[in-house]
């Protein structure tokens, strides 16, 4: 079980990672490089808060939660994988909400 501070770090870190990948100027050269080798659906994922948020959450959850316990049976393994999947979904939701809030703020302040 994660502590509250670790859970908060996981969720906010996932949203931050998503924002950097989708909107950050620092990631533009990486996207341009990947565009040469990756299929177009993969590149679309890198421009979508919801899609990219899911994968960022899933990847980060692998660092925060142990998806495989060597002494555990199949039941515990599937529960851990379900938590990793759910974390990906949670970060996807939060990333989409964050992008929507920023869009709303920008729409109210644009001149």
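What follows is calculated from the coordinates using simple rules that are stated; it is not laboratory data. Keep in mind it's a predicted model, so treat the numbers as computed, not measured. Note that we place each Cβ from the backbone using ideal geometry, even for glycine, and neighbour counts take in every protein chain shown.
Note down the relative contact order for the range 4-109 as a percent, whole number, built from C-alpha pairs under 8 angstrom at least six residues apart.
Values: 106 pairs, mean separation 36.0, N = 106.
The value is 34 percent.
Once the convex hull of the alpha carbons of the range 4-109 is built, what does its volume come to per residue, in cubic angstrom?
Once divided by residue count, the hull of the range 4-109 is 130 Å³.
Order these peptides, 16-24, 28-36, by their mean beta-carbon neighbour count within 10 angstrom, highest first.
Numbers: 16-24: 18.4, 28-36: 10.7.
Going from most to least packed, we get 16-24, 28-36.
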